[in-house]
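Colleague: This structure is in structure tokens; I'll ask about it shortly.
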């Protein structure tokens with residue numbers, strides 16, 4: 001179990017390092033990638049998840065997401081005894097991945113005055129702030145995620161190709177469903193970096209929007225569990 005938890009830590013660190021990294025490149029002033037837009041972000045996150053899964057899959061199941069871990073446990077496809085160690089490893093990996101992004105772009109924080117852009121490098125925020133609609137967006141995206149992950153396990157995927165399918169899935173969710181909230185669909189991916197935003201020294205960064213922070217945590221957990229239970233029912 002500890003070996004598998006190590007995989008969750010490594011994989012989530014890589015996922016956030018590369019995922020938040022592409023957002024930083026697009027959003028921060030004087031980055032060579034500044035202004036590349038949503039296409040770069042959605043593709044970058046898809047590749048980040050693919051590589052995160054590859055980096056963890058030789059050690060364990062490579063959930064890299066507390067919503068996936070909980071959904072699989074509720075669906076009877078993952079042992080409850082491993083849930084807490086997995087989530088702890090995922091959260092720690094996400095925090096450290098975000099801290100590495102902070103180090104990578106260290107000179108660019110001083111050049112960026114847009115507080116929303118700074119926070120958006122770490123965590124998600126809604127395009128239109130509407131708690132019920134935002135919650136539904138996160139729940140729906142994560143329901144699609146867990147349903148499709150379970151569908152992959154029933155298909156003819158090989159161990160080498162499955163991470164590519166997962167990356168394509170994340171890219172599709174980003175393009176189709178991500179424009180409303182930034183598609184956290186992963187409590188660790190949002191909460192770990194949000195904590196990093198709160199504690200790391202960034203001049204003029206503003207607050208960490210804790211009033212919104214429950215939505216990309218609870219929404220994915222609820223939606224992910226529904227997606228997994230629906231798959232079981234079918």
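All of the numbers you see were taken from the coordinates with simple rules; none came from a lab. Everything numeric here is computed off the predicted structure, so don't read it as measured data. Reconstructed Cβ throughout: ideal geometry from the backbone, glycine too, with neighbour counts over all protein chains shown.
Colleague: Would you mind computing Rg(Cα) / (2.2 N^0.38 Å) for the stretch 130-234, counting N as its residues?
Modeller: 1.20
Colleague: For helix 38-57, what angle does its Cα long axis make with the longest principal axis of the chain, in degrees from 0 to 90 and rounded to 10?
Modeller: Between the helix axis and the principal axis of the chain, the angle is about 50 degrees.
Colleague: Same structure again: Given the Cα-Cα distance of residue 214 and residue 232 and 0.36 nm per residue of separation, how much length would full extension add, in nm?
Modeller: 3.8 nm
Colleague: Relative to the longest principal axis of the C-alpha atoms of the chain, give the angle of the C-alpha long axis of helix 83-104, reported between 0 and 90° and rounded to the nearest 10°.
Modeller: 30
Colleague: Related question: Beyond 16 Å, what share of the Cα-Cα pairs of the stretch 1-111 remains, rounded to the nearest whole percent?
Modeller: Percentage above 16 Å: 59.
Colleague: Let me ask something else about it. Restricted to Cα positions, what overall size does the stretch 2-233 have along the principal axes? Three whole-Å values, descending.
Modeller: 50, 36, 30
Colleague: Okay, next question. Mind giving me the FRET efficiency for residue 151 and residue 34? R0 is 30 Å, r the Cβ-Cβ distance, nearest 0.05 is fine.
Modeller: That gives a FRET efficiency of 0.20.
Colleague: Now for a different question. Hey, with R₀ at 22 Å, roughly what FRET efficiency would residue 199 and residue 117 work out to, going by the Cβ-Cβ distance, to 0.05?
Modeller: 0.70
Colleague: What number, rounded to the nearest 500 deg cm²/dmol, is the helix-based mean residue ellipticity at 222 nm of the chain, given -39500 (n - 2.57) per DSSP H run of at least four residues and division by all its residues?
Modeller: -23000 deg cm²/dmol
Colleague: Measure out, as a whole number of angstrom, how far apart the alpha-carbon centroids of the stretch 34-64 and the stretch 177-200 sit.
Modeller: 14
Colleague: Any idea what angle helix 131-154 forms with the longest principal axis of the chain, computed on alpha-carbon atoms, 0 to 90 degrees, nearest 10?
Modeller: Once rounded, the angle reads 50 degrees.
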